Amino acid sequence: MAVTILAIESSCDDTSVAIIRDGYVLSNLIANQDIHMSYGGVVPELASRAHQANIVPVTHQAMLKAGVIAEEIDAVAFTRGPGLLGSLLVGTSFAKGFALARNIPLIEVNHLQAHVLAHFIFEKDKNNRLPSFPFLCLLVSGGHTRIIILKSQLEMEVIGNTIDDAAGEAFDKCGKVMGFPYPAGPLIDKLADVGNISAFKFAKPHIKGLDFSFSGLKTSFLYFLRDKLKEDPDFVEHNKADLCASLQHTIISILIGKVVNASLQTGIREIGIAGGVSANSGLRNEMRREAEKRNWNLFIPEFRYTTDNAAMIGITGYYKYLRGEFSSHDVTPLARY
Ligand code: KG4
Ligand code: ZN
């Protein structure tokens with residue numbers, strides 16, 4: 001019997017709904033919220049209101065695109081957290097309502113676990129190459145920077161974590177200083193492509209073990225720009241590409257340095273990246289170079305499964321469904337999971 005999962009993701013500013021059947025994606029739709037761009041970050045109250053407006057039409061479209069009717073859905077998976085409480089509440093309430101109306105199981109999903117499990121999404125007519133275990137994954141998103149060992153789809157151990165900002169925040173906050181709209185990561189990526197990585201030097205943190213820190217880099221970038229802007233008010237405009245390339249290069253070398261150490265310490269060479277920042281072309285290319293040099297079996301997700309999406313929630317829900325890990329209807333969202 002095929003297992004069909006309706007998956008809901010609403011942890012931050014994207015409303016996403018996916019239909020997954022036996023691990024294969026039938027549809028994965030995302031409604032972005034452009035409203036936050038001009039605010040320099042996500043405004044929680046606006047995000048939850050937009051989720052309320054989007055959730056029904058996006059679900060309807062996802063079901064149409066998948067060619068699936070409500071009666072064919074076996075379970076509803078939803079992001080329980082971490083994320084913005086008001087946003088999570090919309091997805092959680094909708095998931096509960098759907099599950100209750102259809103009398104089918106409800107499956108809570110940890111958003112971070114789902115980012116990593118994006119590597120297990122199957123697509124029709126694709127060479128679906130899957131990592132084997134133990135699998136070492138760098139999770140880099142707007143809110144988290146972690147090195148995780150996966151022992152099975154549902155067993156994870158965090159061996160490295162950020163002690164302050166996440167890598168995505170470093171991109172977004174430095175971008176904000178340069179006057180870029182939120183989120184700045186994709187624009188920095190684009191501009192870095194035509195810039196010089198050695199044009200400017202920014203301090204790299206010295207954090208012991210496998211943990212990360214990005215707040216010092218953000219501060220050093222801010223002070224560097226403040227001094228330069230005194231000399232030339234158009235400094236950013238004149239040096240945009242070089243600033244982006246140098247900043248991006250610094251962030252990538254911090255990230256990859258820790259992944260290399262993690263691989264050497266654990267002996268694991270089954271390596272992947274996940275989360276919004278794993279869309280970064282510089283990081284993807286550097287990881288490929290490192291993998292070749294170190295003989296890693298490297299896994300880089302498709303772009304559409306790097307940033308927030310419901311397909312990753314659906315695949316995690318699928319594995320939980322197979323293990324019978326269901327939630328009760330008094331489950332509440334968690335800002336921190
Ligand atoms: O995983 P995600 O969509 O949301 C969270 O769970 O946080 O990650 C969003 C983050 C943002 O900080 C955004 O700037 C960053 O991912 N990002 C990128 C790129 N695309 C998205 N950072 C660098 N380069 C990119 N191409
Ligand atoms: Zn995310």
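None of the figures in this text is laboratory data; all of them are computed from the coordinates on show. Small disclaimer: the values here were computed from a predicted structure and weren't measured. Note that each Cβ is placed from the backbone with ideal geometry, even for glycine, and that neighbours are counted across all protein chains shown.
For residue 320, the lysines whose Cα falls under 27 Å of its own Cα, not counting residues fewer than eight places away in the same chain, are 65, 96, 124, 126, 151.
Axis of helix 167-177 versus longest Cα principal axis of the chain: the two differ by about 60°, to the nearest ten degrees. The residue list 76, 335, 219 was ranked by how far each Cα lies along the charge dipole of the chain toward its positive end, using unit charges on Cβ atoms, and 219 comes out on top. Ordered by the count of other Cβ atoms within 10 Å of each Cβ, fewest first, 221, 200, 171, 122 give 122, 200, 221, 171. Helical runs assigned H by DSSP (4 residues or longer) give the chain a calculated mean residue ellipticity at 222 nm of -14000 deg cm²/dmol, each run adding -39500 (n - 2.57) before division by the residue total. Taking other C-beta atoms within 10 angstrom as a stand-in for reagent exposure, 87, 278 fall in the order 278, 87, fewest first. Against the main long axis of the alpha-carbon atoms of the chain, helix 215-231 sits at an angle near 50°. Ordered by the count of other Cβ atoms within 10 Å of each Cβ, fewest first, 242, 22, 34 give 34, 22, 242. Ignoring lysines fewer than eight residues from residue 176 along the same chain, the ones with Cα atoms less than 17 angstrom from its Cα are 190, 218, 228, 240.
Report the residue, chosen from 205, 183, 233, that carries the largest GNM mean-square fluctuation when the chain is represented by alpha-carbon nodes joined by springs under 10 Å. Judging by the Gaussian network model, the answer is 233. Charge dipole (Cα centre; +1 on Lys/Arg Cβ, -1 on Asp/Glu Cβ; no other charges) of the chain amounts to roughly 620 debye.
Quick check for me: using +1 on Lys/Arg Cβ and -1 on Asp/Glu Cβ, what's the dipole size of the range 135-305 about its Cα centre, in debye to the nearest 20?
Using only the charged Cβ atoms, the result is roughly 280 debye.
At an R0 of 35 angstrom, the distance between the Cβ atoms of residue 292 and residue 38 translates into a FRET efficiency of 0.25.
Against the chain, whose longest principal axis is taken from its Cα atoms, helix 310-322 shows a tilt of about 50°. Considering only 171, 268, 280, and ranking their Cα positions along the charge dipole of the range 135-305 that arises from unit charges at the beta-carbon of Lys, Arg, Asp and Glu, the one farthest toward the positive end is 268.
Fully extending the segment from residue 93 to residue 22 would add 23.1 nm, taking 0.36 nm per residue of separation and subtracting the current Cα-Cα distance.
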